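To keep things clear, I will list the structure first and then write my remarks on it.
The values are calculated or read from the model by the stated rules, or taken from the named source; none is laboratory data. From a predicted model like this one, the values you see are computed outputs, not experimental measurements. Here the Cβ positions follow ideal geometry from the backbone for every residue, glycine too, while neighbour counts run over all protein chains shown. Note: accessible area is taken over every heavy atom of the protein model, side chains too, but ligands, DNA and RNA are not part of it. Shrake-Rupley method; radii C 1.70, N 1.55, O 1.52, S 1.80 Å.
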Amino acid sequence: MSLIELAPRALWGRPVIVGGGVAGAVAALTLSPRPAVLIDPVPIGREAASRWAQGGLAAAVGDDDSPHLQAEDTVAAGAGLTDPQVAGRIAEEGPATVAALERFGVHFDRTASGAFSLGLEAAHSRRRILHVRDATGSAIVEALGRRILETPSVEILTAAAVRLVVTDGKIGGVLIRQGTNSVLLPTGTVVLATGGVGGLWQSTTNPIGARGAGIVLAARAGAVLVDLEFVQFHPTALAVGADPMPLISEAVRGEGAVLVNAQGERFMAGTPGEDLAPRDVVARAVFAEWAKEGGSAALDVRHFAPGAFAKRFPTIHGVLSEYGLDPERTPIPVRPAAHYHMGGVKVDDTGKTSAPGLWAAGEVACTGLHGANRLASNSLLEAAVCGRLVAEDIAGIAETAVSQTTDQTIPAAIENDAVAEIRQTMNRDAGVVRDEAGLNRAITTLSALRHKTAGTAAEDSVALALLIARAAERRKESRGAHFRSDGTAQTEPARHSTSRWEEFTGQS
C-alpha cells in the first residue's frame, strides 16, 4: 500500500474521460461548458488508434445511399451478433455526425462539383467512405485536439490511468501516474475511451501500447466484459518487419488493387466479393498463402495509371518509399495483423457499463454494433456518435461527493520481457486461425506468466490476454473473425460470451 498525492481540489468530482482519441475528445467537447478532466498518457490523441485510421468514416451521405442500407450491411457483416437496433441508430446519426465533424474543422475530401468524394470498402453495398486523403483518422483527431485546446472547460492531464477506485460498489476516483508520481483524482463519473487490444499480438497495426488497459480498468471495477474472442485481423498490413506494422488501407483495394500470391496469381478470384470480400475471409486467404512453402501475398497496383497511387494515397506511398518500395514496379508485400476488437466492456444504449459511475465509448466498449466482424470504417462513426451519447447521458448528473481515501495499490513498472512473451503467445496460438491445442497452450503459458507478473503493470496485459484466450477456447464454433480450424460451422441461435475479472483471479 502506498500513500499517494491528491489531485488539486478544483478537479474533484468532475467527470473524468480517460483517452484522447475520437470518442474521448467528442465526449469532452459535448460536455462543454461543463468542466471535465481528460486524461491521456501522451499529448492529446498522439498515440490514439483513431489517429492511425487511414480508410475513412462510413456514413450514408451519397444520393444512392441511406442509413437503412448501411445498417443492413452492418448486420450482414456481424455474422448474427450485431444488434439491428444499434446498427440502425448509429447509421441514422451518420450524416449529422459528418456535419458536426466539419464544424469542428475536419475537411473531408470533395469532388470538383463539391460533393463528398466517397470510397468503397469490403462488404459495403454503396460507396459511402468519407476520407481526408489517406489519413482520415489523423485529420479528425487533430481537428478535435485543436478544439479541445481551445475549450477552457476541459482540463487536460498528461498521465496514465492505472486503477479505478471503487467505494461502496460505486466508482470513487481514478488513480493516475504522472512520471514517477501517483495521484488520486476523486470522482464518481468516469468515461473510458482507451482504445483496443491489438498490442497484445506481435503482428499488429495498432500502437504497441494498445493492450486493453481500459478493459482491465473496467473489469477490476466489476464491469462485465463481452465477446472478447472477436478480434479482427486486417488482411493487408505491410510485411516489412516493422512493429507495429504499417497499414495498407482497404481503400486501396476499393480503388482497384488486387491480391496476388508468390506466383503472381489472383488468389481471391472466384471468391464472392473477390478482393473486397469480408475482412475475415480475405485475412484467412492471405494467411493461407503465407503458410505455404515459399508462399507470400502482395497487393498489386501496377495497373494504376502512372502517378495515380501516389496522388490518391500520399501517406501510404510515403511509407512505402521509406522501405524502398515502388508500388508502380513491385507488388506491395502484405500479411494479416491484429487490427480491431469487436468485444470489450459491455455497455447499454447510453454507454453505461454494469459498474455504477462508469461509462465507455469507442473501441474499448462493446455496443452491439460490430457483432462478430466489424464492417470497415464503421468504427470512427461509432466513436464519434457514442462519445456524444455518453456525454449527453452524463450532462444531467451533478458533480459527485468524493472520498479523500488515499491508500491504493499501485502496480510496479511494466516488464517488457513479459509483454514480448504475451505478444508471441497470442500471435502463435490466438491469431487468424485457431484450434483447441493452440488455445490451451496459450492458456497454460499465460497462466504461468500470471504469477511472474503479479503486482506489475504487465499483469494487466496478461490478464486480458488470458481472458481472450479462454473466451476463444469456449467458443467451439467458427463465427465472423473468430475462426476455429477444428470448430463447428456457425450455429444458430447466435450467442454472446461474457467474461469477468474473477476468471483471472480464480474466484469465479
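Restricting to region 407-426, what's the tally of residues that are open to solvent by 60 Å² or more (accessible area, probe 1.4 Å), closer than 30 Å to E477 by Cα and of a type in the set (S, T, N, Q)?
Restricting attention to region 407-426, the residues satisfying the condition of being open to solvent by 60 Å² or more (accessible area, probe 1.4 Å) are 407, 409, 413-417, 421, 424.
Retained after the next criterion (residues that are closer than 30 Å to E477 by Cα): 421, 424.
From the residues that got through so far, the ones that are of a type in the set (S, T, N, Q) too are 424.
Of the residues in that region, 1 qualify.
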> Are any residues in region 442-473 closer than 19 Å to F230 by Cα, surrounded by fewer than 23 Cβ atoms within 10 Å (Cβ to Cβ) and more than 21 Å from the chain's Cα centre (by Cα), and if so, which ones?
Replying inline: I443, E473
> Residues in region 427-435: is at least one at pLDDT 95 or above, buried (at least 24 other Cβ atoms within 10 Å of the Cβ) and part of a helix (DSSP H, G or I)?
Replying inline: no
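Out of all the residues in region 106-115, is one or more under 19 Å from the mean Cα position of the chain (by Cα) and either surrounded by fewer than 22 Cβ atoms within 10 Å (Cβ to Cβ) or at positive phi (or both)? Working first, answer last.
Within region 106-115, the first condition is being under 19 Å from the mean Cα position of the chain (by Cα), and the residues that meet it are none.
Within region 106-115, none of the residues are under 19 Å from the mean Cα position of the chain (by Cα) and either surrounded by fewer than 22 Cβ atoms within 10 Å (Cβ to Cβ) or at positive phi (or both).
Out of all the residues in region 213-241, which are assigned to a loop (DSSP other than H, G, I, E, B), open to solvent by less than 10 Å² (accessible area, probe 1.4 Å) and farther than 19 Å from R434 by Cβ?
Of all residues in region 213-241, those assigned to a loop (DSSP other than H, G, I, E, B) come to 221-224, 227-230, 239-241.
In the following step, the residues that additionally are open to solvent by less than 10 Å² (accessible area, probe 1.4 Å) were identified as 223, 227-230.
Scanning region 213-241 gives a single hit, A223.
Which fully enclosed helices (runs of 4 or more DSSP H) of region 1-100 have 3 or more residues being over 27 Å from I394 (Cα atoms), in contact (Cβ under 8 Å) with a residue 12 or more places away in the chain and open to solvent by 10 Å² or more (accessible area, probe 1.4 Å)?
On the way: elements: 22-31, 67-77, 84-92.
Hits in region 1-100: 67-77.
Residues checked against (1) part of a loop (DSSP other than H, G, I, E, B); (2) within 21 Å of V433 (Cβ to Cβ); (3) not acidic (D, E):
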site	(1), (2), (3)
R163	no, no, yes
I176	no, no, yes
R211	yes, no, yes
D243	yes, no, no
V252	no, no, yes
> How many residues are more than 30 Å from S497 (Cβ to Cβ), modelled with pLDDT under 95 and among the aliphatic types (A, V, I, L, M) when one looks only at region 78-131?
Replying inline: 1
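Residues being open to solvent by less than 60 Å² (accessible area, probe 1.4 Å) and either aromatic (F, W, Y) or in contact with a strand residue (DSSP E or B) (Cβ under 6 Å, 6 or more places away or on another chain) (or both): count how many of those fall in region 262-278. Give the derivation first.
Here is the first cut: in region 262-278, the ones open to solvent by less than 60 Å² (accessible area, probe 1.4 Å) are 262, 264, 267-269, 271, 273, 275-278.
Of the ones still in play, those that are also either aromatic (F, W, Y) or in contact with a strand residue (DSSP E or B) (Cβ under 6 Å, 6 or more places away or on another chain) (or both) are 267-268, 275.
Residues that pass the stated criteria total 3.
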>> Looking at region 290-308, I want the residues that are touching a residue at least 24 places away in the same chain (Cβ under 8 Å) and have a partner that is among the charged types (D, E, K, R) with Cβ atoms under 6 Å, at least 6 apart or on another chain. Which pairs are those?
In response: W290/R335; G295/E289; A297/E289
> What are the residues in region 339-356 that are open to solvent by less than 60 Å² (accessible area, probe 1.4 Å) and free of Cβ contacts under 8 Å to residues at least 60 places away in the same chain, if any?
Replying inline: V347, T350
> Can you tell me which residues in region 178-195 are under 23 Å from S461 (Cα atoms) and part of a strand (DSSP E or B)?
Replying inline: Q178, N181, S182, V183, L184, V190, V191, L192
> Any idea which of (1) at pLDDT 95 or above; (2) of a type in the set (K, R); (3) open to solvent by 30 Å² or more (accessible area, probe 1.4 Å) is the one R479 doesn't satisfy?
Replying inline: (3)
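Pick from Q178, Q232: which is touching a strand residue (DSSP E or B) at 6+ places or on another chain (Cβ under 8 Å), modelled with pLDDT under 95 and of a type in the set (S, T, N, Q)?
On the way: Q232 fails: modelled with pLDDT under 95.
Residue meeting the stated conditions: Q178.
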>> I need the full set of residues from region 459-486 which are touching a Ser or Thr at 6+ places or on another chain (Cβ under 7 Å), in a loop (DSSP other than H, G, I, E, B) and in contact (Cβ under 8 Å) with a residue 40 or more places away in the chain, in order please.
In response: R475
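Can you spot a residue in region 478-494 that is closer than 28 Å to T353 by Cβ and of a type in the set (K, R)? Let's see the steps before the verdict.
The initial filter retains those residues of region 478-494 that are closer than 28 Å to T353 by Cβ, namely 479-482, 493-494.
Imposing the further condition that a residue be of a type in the set (K, R) reduces the set to 479.
Yes, that holds for at least one residue.
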> Out of all the residues in region 145-199, which are of a type in the set (D, E) and either over 26 Å from the mean Cα position of the chain (by Cα) or open to solvent by less than 50 Å² (accessible area, probe 1.4 Å) (or both)?
Replying inline: E150, D168
> Which one of these is of a type in the set (G, A, S) and at pLDDT below 95: A457, A465?
Replying inline: A457
> Filtering region 267-285 down to residues that are in contact (Cβ under 8 Å) with a residue 24 or more places away in the chain and part of a loop (DSSP other than H, G, I, E, B), which residue is farthest from Q424 (Cα to Cα)?
Replying inline: G273
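Within the group S138, S125, which residue is touching a residue at least 40 places away in the same chain (Cβ under 8 Å), assigned to a loop (DSSP other than H, G, I, E, B) and small (G, A, S)? Spell out how you get there, then give the answer.
Values: S138 fails: assigned to a loop (DSSP other than H, G, I, E, B).
After ruling out the rest, the residue left standing is S125.
Being more than 11 Å from the chain's Cα centre (by Cα), open to solvent by 20 Å² or more (accessible area, probe 1.4 Å) and closer than 22 Å to A58 by Cβ: is that true of T367 here?
Working: more than 11 Å from the chain's Cα centre (by Cα): yes; open to solvent by 20 Å² or more (accessible area, probe 1.4 Å): yes; closer than 22 Å to A58 by Cβ: yes.
When the stated conditions are applied, T367 passes them.
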>> Taking the conditions exactly as written (closer than 30 Å to F309 by Cα, at pLDDT 95 or above and surrounded by fewer than 24 Cβ atoms within 10 Å (Cβ to Cβ)), does P336 satisfy them or not?
In response: no
>> Is it the case, given these coordinates, that D300 is surrounded by 15 or more Cβ atoms within 10 Å (Cβ to Cβ), under 20 Å from I129 (Cβ atoms) and of a type outside the set (A, V, I, L, M)?
In response: no
>> Would you confirm whether or not region 397-416 contains a residue that is modelled with pLDDT of 90 or more and of a type outside the set (F, W, Y)?
In response: no
